[in-house]
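Following: one structure in structure tokens, then a few remarks.
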Amino acid sequence: MLHILYIIAITAEAMTAALSAGRRRMDWVGVCIIAWVTALGGGTLRNILLGHYPMTWVSHPEYLLITAGGALFAGLIASFMRRLRTLFLYLDALGLVVFTIIGCQVAEEMQLPAIIVMLSGVITGCAGGVLRDVLCNDIPLLFRKEIYASAAIVTGGIYLGLEALGLSSHWATIAAAVAGLLLRLLAIRYEWQMPKFVYEEEWE
Amino acid sequence: MLHILYIIAITAEAMTAALSAGRRRMDWVGVCIIAWVTALGGGTLRNILLGHYPMTWVSHPEYLLITAGGALFAGLIASFMRRLRTLFLYLDALGLVVFTIIGCQVAEEMQLPAIIVMLSGVITGCAGGVLRDVLCNDIPLLFRKEIYASAAIVTGGIYLGLEALGLSSHWATIAAAVAGLLLRLLAIRYEWQMPKFVYEEEWE
Amino acid sequence: MLHILYIIAITAEAMTAALSAGRRRMDWVGVCIIAWVTALGGGTLRNILLGHYPMTWVSHPEYLLITAGGALFAGLIASFMRRLRTLFLYLDALGLVVFTIIGCQVAEEMQLPAIIVMLSGVITGCAGGVLRDVLCNDIPLLFRKEIYASAAIVTGGIYLGLEALGLSSHWATIAAAVAGLLLRLLAIRYEWQMPKFVYEEEWE
């Protein structure tokens, strides 16, 4: 089940990433790379940091084909995708939550401490978008957008908390996914923002 | 033979990278770092992604000295290098092809599936330039330049295809290198471009 | 002793990094991430490149809490921190030297060749700031700032040189730290710069 949601989520991430690449007038190779980095980059960075080999896409190369296919398809139907904007925002929220829980599970299997399990979830959920923004030469949106990384933190926290209370991983996953998704969708709907730290002085 | 071409290629990449650094008024430390990242970054990223340790430059620290030497030398003869522009474009094409084949071979030795072997080649061939552009704060040229990553894909595809047809690695290397080089040089000469995906709408 | 200086240094790095994040109007999640990347990113990159697992902050998750706490505290006292500008410049110099020596020691324990030991020190000392600048979408300051990476090179060189002369690691550490710190502080005081390589021609 989580696996099916994962495939839907990476495809959706790849499709929206393709539009980012198109806005920067990249060629089709660039579109594929931006799509891969966005959809698979979070899990890849997590694996590099935790030393967890092989990468998901090395053992499942079909993920590379699915995401590349999604990105090229998005390029073809670009003008139509705009009407699906809301659907893709929802799918992005789904991806955030699914990736975060998968990231937590990977670190749990490695028996790492709770704070690292949380961080592993947040990195898996959010780092793909950061890498996309770095490659597109933007200041990462994540650092300034409405409740996004925070939704990943809440998802990971509920998942870990419920497991600590004795719930099975199965039910903890469902509860955390629903709560995280709800928080993210409410944040989009009402444009909730984390307080920003604004510092105007030049330091050096 | 491939080894000698590799040394020539990393030196040439380091030398042109030095000029990029000079255009951004970096000091000599920055010049060395940009040169290393450009010349050795593709193989390094490949090794990180595949979990293939140790890095080439850890077992062969002389590559660090050769590339740093090349970069500093390029700084000294900068005004002269402009006249060698065409030579260095050819050497860069040579590097692209040589790095790609080496990248394919590394993944083959790890017995990875064909699509990962191709990707390993493309990353080895192209990622150095992407990392250079990220550090120089540009949108990576790769994503928009004439047939470049595509030449790496063709090189890797021919190499793998000929091996699948029963050719020895030796002859597959030579055929793939010649074909890839020819494609890249024709692309430079006639300014062949991949179709670009241009998308003007603001999405969010 | 080195361990205590390390904790002081990562806290100070996290605090100044928080101000960088504030200057780009990031939210509190962004502030934490920039602080972590700046304070712990150098050691993390070194470990990735050398294949040295687990990461320091995976075995010592308390470092994540200390640096996040420092960053948030810096946000609270931002207007006051400006008066401590000189103190934080000194602490940054301390961090540079301490990180460099720790980086050298990690590579020494892995019995790597001398040039890799030096490079491991320089990466540990300097890469955090480079990663911060990439995430903040700047050309890395390191590549253009007064004697900074050079101070790391001198620190590593003295450390290795004294050990080669038969000094114990203990005394080599102290001598290298004092010399590196002195060089960096003099460079700040007198605005010493490395010669810059300026190249105005457009190449392609």
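Residues that are under 24 Å from B:E62 (Cβ atoms) and among the small types (G, A, S) were ranked within region C:86-109; the one that is nearest to the other protein chains (Cβ to nearest Cβ) is C:A107.
When A:G30 is tested against (1) of a type in the set (G, A, S); (2) over 18 Å from B:L119 (Cβ atoms); (3) more than 16 Å from the chain's Cα centre (by Cα), just one condition goes unmet, and that condition is (2). Looking across region B:20-50, the residues that are under 30 Å from A:H60 (Cα atoms) and either open to solvent by 50 Å² or more (accessible area, probe 1.4 Å) or touching a His at 6+ places or on another chain (Cβ under 9 Å) (or both) come down to B:L45, B:R46. For B:L142, the conditions (1) in a helix (DSSP H, G or I); (2) over 11 Å from the mean Cα position of the chain (by Cα); (3) at pLDDT below 85; (4) not hydroxyl-bearing (S, T, Y) are fulfilled apart from (2). Would you check if there is a residue in region C:120-130 being open to solvent by 30 Å² or more (accessible area, probe 1.4 Å) and over 11 Å from the mean Cα position of the chain (by Cα)? No, because not a single residue in region C:120-130 is open to solvent by 30 Å² or more (accessible area, probe 1.4 Å) and over 11 Å from the mean Cα position of the chain (by Cα).
Would it be correct to say that A:M110 is at pLDDT below 90 and among the hydrophobic types (A, V, I, L, M, F, W, C)? No: the conditions fail for A:M110. Could you please let me know if A:L112 is open to solvent by 10 Å² or more (accessible area, probe 1.4 Å), facing another protein chain (nearest Cβ under 7 Å) and hydrophobic (A, V, I, L, M, F, W, C)? When the stated conditions are applied, A:L112 passes them. Do we have C:L65 as closer than 30 Å to B:D133 by Cβ and facing another protein chain (nearest Cβ under 10 Å) here? When the stated conditions are applied, C:L65 does not pass them.
The residues in region A:1-42 that are in a helix (DSSP H, G or I) and either touching a Phe, Trp or Tyr at 6+ places or on another chain (Cβ under 6 Å) or of a type in the set (A, V, I, L, M) (or both) can be counted, and the count is 27.
Take the conditions acidic (D, E), within 14 Å of chain C (Cβ to nearest Cβ) and open to solvent by less than 30 Å² (accessible area, probe 1.4 Å) and apply them to A:D133. Does it pass? Taking the combined requirement at face value, the residue satisfies it. With respect to being at the interface with chain A (Cβ under 7 Å from one of its Cβ atoms), of a type outside the set (D, E, K, R), open to solvent by less than 20 Å² (accessible area, probe 1.4 Å) and under 25 Å from C:C104 (Cβ atoms), C:I10 falls outside the description. Filtered by the rule that a residue be assigned to a loop (DSSP other than H, G, I, E, B) and either open to solvent by less than 40 Å² (accessible area, probe 1.4 Å) or in contact with a Gly (Cβ under 7 Å, 6 or more places away or on another chain) (or both), region C:147-176 gives C:I147, C:Y148. Sort through B:A151, B:A176, B:A187, B:A127 and tell me the only one that's at negative phi, in contact with a helix residue (DSSP H, G or I) (Cβ under 8 Å, 6 or more places away or on another chain) and modelled with pLDDT of 95 or more. Sole residue among the options that is at negative phi, in contact with a helix residue (DSSP H, G or I) (Cβ under 8 Å, 6 or more places away or on another chain) and modelled with pLDDT of 95 or more: B:A176. Could you tell me whether C:G103 is at pLDDT 95 or above and in contact with a Lys or Arg (Cβ under 7 Å, 6 or more places away or on another chain)? When the stated conditions are applied, C:G103 passes them. Restricted to region B:165-189, and to residues there that are in contact (Cβ under 8 Å) with a residue 40 or more places away in the chain and away from every other protein chain (no Cβ under 14 Å), the residue that is farthest from B:H3 (Cα to Cα) is B:L185. Of the numbered criteria (1) open to solvent by 20 Å² or more (accessible area, probe 1.4 Å); (2) within 19 Å of the chain's Cα centre (by Cα), the one C:F88 fails is (1).
With respect to the conditions (1) buried (at least 24 other Cβ atoms within 10 Å of the Cβ); (2) farther than 19 Å from C:L45 by Cα; (3) not charged (D, E, K, R), A:T56 falls short on a single one, namely (1).
The values are calculated or read from the model by the stated rules, or taken from the named source; none is laboratory data. Note that the structure is a prediction, hence the values are computed from the model and not measured. Methodologically, a virtual Cβ is constructed for each residue, glycine included, from the backbone with ideal geometry; neighbour enumeration extends over all protein chains shown. Just so you know, the surface numbers come from the protein's heavy atoms only, side chains and all, with ligands and any DNA or RNA stripped out. Shrake-Rupley method; radii C 1.70, N 1.55, O 1.52, S 1.80 Å.
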